[in-house]
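All remarks here apply to the structure that follows.
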Amino acid sequence: MKLWIPFATAAGVFVGAAVLFGADWDFPPIDTEQIGYRGTGMFHSMDREKQADLRLANVIPELLYEADPEGDRAGDVYENVQVLGDLSDDQFNLFMASITEWIAPEQGCAYCHNEENLALDDVYTKVVARRMIQMTQTINVDWQTHVGDVGVTCYTCHRGQPVPANVWSTDLGPGKKGRALGWRDGQNIVGEQVGNTSMPTNALESYLLDDKPIRVHSLTALPNGENPTTTKETEETWALMMHMSESLGANCMTCHNSRAFNDWDQSPPQRVTAWHGIRMAREINQSYMTGLAPVFPDNRKGPEGDVLKVSCATCHNGVQKPLYGVSMLKEFVDSLGTRTNTDVPDFTTYKPGETQVMGSTNTSALTPANTGAATGTEATALASAD
């Protein structure tokens with residue numbers, strides 16, 4: 001009697017059950033939406049159960065109350081109001097109450113303020129918050145090519161947490177392992193920021209901090225010497241695409257035509273929006289986040305000592321349009337939809353507790369979104385630039 005047969009069968013059943021039920025794989029039902037011509041593979045697949053969870057995670061908070069825009073200005077009523085001084089007293093208090101709910105609902109005002117004297121800057125988070133308000137104003141005024149007139153608020157990224165859930169920092173990980181094992185050069189381990197693949201984990205640093213060209217597609221089937229990009233650069237580009245896909249809960253066809261991935265003229269308009277989004281994230285990291293390095297304490301930095309930075313996932317949180325395109329900005333246009341004081345302190349000389357006066361106020365108002373910018377000749381320019 002062959003006793004090994006029932007044992008082998010039982011082992012096969014056990015392994016099969018482990019694979020099916022222990023690997024956290026997705027199961028039907030899957031909803032499929034056709035977004036292009038039939039036969040071209042232009043469709044978007046969505047896990048129905050995951051969509052339900054995303055809906056619950058992207059509910060906007062209710063407005064606390066409607067503020068009166070009339071009355072004394074906040075800059076005249078309170079001390080050391082350097083960015084929002086043109087708001088009315090009521091508007092300013094509404095914004096302070098709202099930002100507390102958006103960022104630090106458990107910690108309260110003390111998260112950013114010395115409660116004995118709210119005007120002081122001796123809590124580093126107040127210095128950071130002031131710069132983040134400027135950043136949000138810049139996004140809403142200068143980057144309407146990406147955010148449109150929906151705009152963003154502090155809640156778009158923070159969702160009730162002091163530190164947004166989806167931020168990143170440089171992680172060199174294990175370095176040289178000797179001649180036999182070589183150097184993994186930022187890949188060959190599972191990377192959360194690159195769709196849980198083993199693609200290069202430094203892709204975000206290359207493209208969302210540095211301005212490395214995203215241009216690896218050859219126009220011929222066989223090498224002709226005209227494309228100097230390497231396999232590593234191709235893998236980095238793929239890693240960025242995986243990150244964007246996971247961040248937005250979208251597949252490749254959202255921005256590309258399956259028959260000609262590289263051709264801008266055959267791509268959906270969302271590709272232009274994404275083009276601007278990459279550059280917006282890059283400016284945020286270069287102009288706002290890295291400059292705050294002297295202000296952040298070590299426990300708010302990454303393992304290599306650099307500040308936490310934004311990615312596509314920071315705002316989008318798994319959906320193509322943050323908060324499903326519902327605008328919170330319309331209630332806070334005066335505070336976050338207008339660029340007020342654009343001066344920047346010299347953070348290299350930052351000393352905890354010392355107030356750094358930013359200078360005179362420069363105001364520019366929010367203008368209508370230029371939603372049709374990247375068409376015609378401009379779309380051609382984008383194709384040649386990326």
Extension reserve of the L54-D122 stretch, reckoned as 0.36 nm per residue once the Cα distance is removed: 20.7 nm
Heavy atoms of D142 accessible to a 1.4 Å probe, total area in Å² rounded to 10: 80
Net lengthening on full extension, K301/E226 (0.36 nm per residue, minus Cα-Cα): 22.9 nm
Accessible area, probe 1.4 Å, largest first, for residues W143, W238, W168: W238, W143, W168
Nearest-0.05 FRET efficiency for R38 and S287, computed from C-beta distance (R0 56 Å): 0.80
Cross-link pairs beyond the 21 Å C-alpha cut-off, checked among K212/K321; K212/K309; K126/K301: K212/K321
Cα-projected label distance for D210 with D47, points at 7 Å along beta-carbon direction, nm: 3.3
Region 275-341: mean projected area of Cα convex hull, nm²: 6.3
Set of region 123-138 residues, backbone N closer than 19 Å to the point 7 Å along the Cα-Cβ line of T355: 123-134
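The values are calculated or read from the model by the stated rules, or taken from the named source; none is laboratory data. Quantities reported herein were computed from a predicted structural model and do not represent experimental measurements. Cβ coordinates were reconstructed from backbone atoms using ideal geometry, including for glycine residues, and neighbour counts include every protein chain displayed. Accessible surface is based on the protein model in full, side chains and every heavy atom, while ligands, DNA and RNA are left aside. Shrake-Rupley method; radii C 1.70, N 1.55, O 1.52, S 1.80 Å.
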